[in-house]
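Working notes, structure below.
The values are calculated or read from the model by the stated rules, or taken from the named source; none is laboratory data. Because the structure is predicted, anything quoted here is derived from the model rather than measured. As a convention, Cβ positions derive from the backbone with ideal geometry for all residues, glycine included, and neighbour counts pool all protein chains shown. We work out accessible area using only protein heavy atoms, side chains counted, and drop any ligands, DNA or RNA first. Shrake-Rupley method; radii C 1.70, N 1.55, O 1.52, S 1.80 Å.
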Amino acid sequence: MTEKKRTTIVLFSGDYDKAMAAYIIANGAAAYDHEVTIFHTFWGLNALRKDEHVPVKKTFMEKMFGKMMPRGADKMGLSRMNMGGIGQKMIKDIMKKHNAMPLPQLIEMAKEQDIKLVGCQMTVDLLGLKHEELLDGVEFAGVAAYLADAEEGNVNLFI
Amino acid sequence: MTEKKRTTIVLFSGDYDKAMAAYIIANGAAAYDHEVTIFHTFWGLNALRKDEHVPVKKTFMEKMFGKMMPRGADKMGLSRMNMGGIGQKMIKDIMKKHNAMPLPQLIEMAKEQDIKLVGCQMTVDLLGLKHEELLDGVEFAGVAAYLADAEEGNVNLFI
Amino acid sequence: MTEKKRTTIVLFSGDYDKAMAAYIIANGAAAYDHEVTIFHTFWGLNALRKDEHVPVKKTFMEKMFGKMMPRGADKMGLSRMNMGGIGQKMIKDIMKKHNAMPLPQLIEMAKEQDIKLVGCQMTVDLLGLKHEELLDGVEFAGVAAYLADAEEGNVNLFI
C-alpha cells in the first residue's frame, strides 16, 4: 500500500492572480489524488470572506480593517497592472473568453474536491475577522497543524 | 544507482530581483547536478520574452497587454526601490562592479546547463503572448506537467 | 535512529508581515524539533540589521542604499495597507492586545532556539551592507550552502 502524496500551500497573498495560481495548483494536485491543504494567513484570508455583510460585533479597529480589506475572492486586486481595478476587469474578461475559471469558482471546486481550507487563527484575530464572516467549511488552526501537514508533504509552497 | 535530485521553481513574479533569485538558485542546483525546471507563469513569463519586436497577429487587448508589460528580462523592474528604473540601474551598476551576472546572462547560463524552461500555456493565453515572442527552446505545458516534476522534487519553490 | 526533520526558508522579502510569517513558521518548526535555517537574501537582509548606526567605511552608493532601506526588523513596513507606517503601527497595537510577539522578539526567540540565521553574501555585497551592521551570530554563505540544507529538507519555502 502506498501513501497518498500531499500538497500543502500557505496562501499569504491577498492578490487575485496569486490566489488563482494557488487554487489552480491545489485543484490540479487534488485531481492527481494528492491530499491538499491551503493554509490561509494574513491577506490570504480575504479569499475566504463571504461577499455579503455579516452582522458581527467588532471593535472600532476591527471594523476599520474589515472595510479596508476586499470582501471575498471576487473583489481582490491584481499584484500588478491592477490600475484601480481596470486590469482586474480586463483579466476577468479575457478569462471568460478562454473559459478559464474565475477565483470564486476555483474555490468552489476546491471544496468539492475535499481540499482542506484552513484559516490561520492568529491572523484571523489580528485582522479582526470573525468565523461567521468566512466561508462555511473553513477550519481554523495554527502553525502546529500547518507543520504537521507540511512536513510529510511532497509539494510545499508559500504564495 | 541513486536517482538525481530535483529542483522545481514556479516563477510567478515579474520583478527583476525575484527572477534573479530564482535563476541563481536554479543555476546553483544544476551545478550540483539536480534536474531543474523553472515553470514561468503570469508575470514571470516576461523574463522569457525576446527583447525585439516580433510581428504576430494579436487582438486589441493582447496588443495592449503586450505594451504594458516589460519586453524581456533586461527591462523588468525591482520589487522595491525601483524608483522609475533608477534603483534597477543602480543595482545593475553595482552588480557589474561585483562581477555578478545580470539576469539575461543568468537565463543564458540556465539554457546551457539544460535547465528546463517552461511557459504556462494558460497564462501565455491570458496575457496574449504568442510562442514566437518567447525565447527559443522554451517548452509550454500546464499544471499537470508542473506537478509531475514537483511531486518528485527535493526543492520546490514559488517565487 | 531517525534523522531530524529540516525546515529551510529563503527570506527574500523586506516586508514586516512576510518576515513575521517566516519567523513564526521557523520558530514553530524548531519547537517541533526540526533543524531550521533562514537564509536571508536581498531585502530580507534588513530584518537582520542592527537598529543603531554602526560606523563602517562605505562608498557613496553603499551609503545611499543603507539610508533608503529600513534599519532593522522594527522599521520594516507592511506588504499592504502600510499607509506610510500607519497600518504597521495599527498592526503592532493589535498584536500587543493579542499578546502576539513583535518581529524583533521573534528573531530573538529564533536565536535562542538555535535557528541558523544566514545572510546571503552576494546580496550583502550588492546592497553594500557590512557584517558589523548585522546582528551578532549571523553566518554568511552562498547558494551552495543553501542548497545543501534545502535538498535534505522537509519544508522548503521562499518568502
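Against the numbered list (1) within 15 Å of B:THR123 (Cα to Cα); (2) open to solvent by 10 Å² or more (accessible area, probe 1.4 Å); (3) part of a loop (DSSP other than H, G, I, E, B), B:PRO55 comes up short only at (1). Only a single criterion out of (1) modelled with pLDDT under 95; (2) within 18 Å of the chain's Cα centre (by Cα); (3) of a type in the set (Phe, Trp, Tyr) is not satisfied by A:PHE60, namely (2). Tallying residues that are modelled with pLDDT of 95 or more and either charged (D, E, K, R) or within 10 Å of C:LEU45 (Cβ to Cβ) (or both) within segment C:126-148 yields 8. Among residues of segment B:17-32 that are over 13 Å from C:VAL10 (Cβ atoms), those with a Cβ under 6 angstrom from a residue that is crowded, with 24+ Cβ neighbours inside 10 Å and not β-branched (Val, Ile, Thr), sequence gap 6+ or separate chain, pair up as B:ALA19/B:ALA47. Kindly indicate the residue of segment B:63-101 that is on the phi > 0 side of the Ramachandran plot and over 18 Å from the mean Cα position of the chain (by Cα) and also nearest to the other protein chains (Cβ to nearest Cβ) among those meeting that condition. By that ranking, first place goes to B:MET81.
Taking segment A:104-159, which residues are farther than 24 Å from A:LYS58 by Cα, at the interface with chain C (Cβ under 8 Å from one of its Cβ atoms) and either aromatic (Phe, Trp, Tyr) or open to solvent by less than 10 Å² (accessible area, probe 1.4 Å) (or both)? Matches in segment A:104-159: A:TYR146, A:LEU147, A:ALA150, A:ASN156, A:LEU157, A:PHE158. What about A:THR37, is it away from every other protein chain (no Cβ under 11 Å), touching an Asp or Glu at 6+ places or on another chain (Cβ under 6 Å) and at pLDDT 95 or above? Against the criterion (away from every other protein chain (no Cβ under 11 Å), touching an Asp or Glu at 6+ places or on another chain (Cβ under 6 Å) and at pLDDT 95 or above), A:THR37 qualifies. Does segment A:2-12 include one or more residues that are surrounded by fewer than 18 Cβ atoms within 10 Å (Cβ to Cβ), away from chain B (no Cβ under 12 Å) and within 16 Å of the chain's Cα centre (by Cα)? No; the residues of segment A:2-12 include none that is surrounded by fewer than 18 Cβ atoms within 10 Å (Cβ to Cβ), away from chain B (no Cβ under 12 Å) and within 16 Å of the chain's Cα centre (by Cα). Within segment C:15-32, identify whether any single residue is closer than 28 Å to C:GLY87 by Cβ, outside any helix (DSSP H, G or I) and open to solvent by 10 Å² or more (accessible area, probe 1.4 Å), and answer yes or no. Yes, there is a match, as at least one residue in segment C:15-32 is closer than 28 Å to C:GLY87 by Cβ, outside any helix (DSSP H, G or I) and open to solvent by 10 Å² or more (accessible area, probe 1.4 Å). So, in segment B:132-151, of the ones that are assigned to a strand (DSSP E or B) and under 14 Å from the mean Cα position of the chain (by Cα), which residue ends up farthest from B:ASP33 (Cα to Cα)? Restricting to residues being assigned to a strand (DSSP E or B) and under 14 Å from the mean Cα position of the chain (by Cα), the top hit is B:LEU134.
Taking helices (runs of 4 or more DSSP H) that fall entirely within segment C:67-131, which contain at least 3 residues that are out of contact with any His (no Cβ under 6 Å at 6 or more places or on another chain) and charged (D, E, K, R)?
Values: elements: C:86-97, C:103-112, C:121-126.
Passing ranges, in order: C:86-97, C:103-112.
Among the residues of segment A:50-74, those that are among the basic types (Lys, Arg) and either farther than 25 Å from A:LYS18 by Cα or touching an Asp or Glu at 6+ places or on another chain (Cβ under 7 Å) (or both) comprise A:LYS50, A:LYS57, A:LYS58, A:LYS63, A:ARG71.
In segment A:46-55, the condition of being under 29 Å from C:ILE94 (Cβ atoms), free of Cβ contacts under 8 Å to residues at least 40 places away in the same chain and within 11 Å of another protein chain (Cβ to nearest Cβ) is met by at least one residue.
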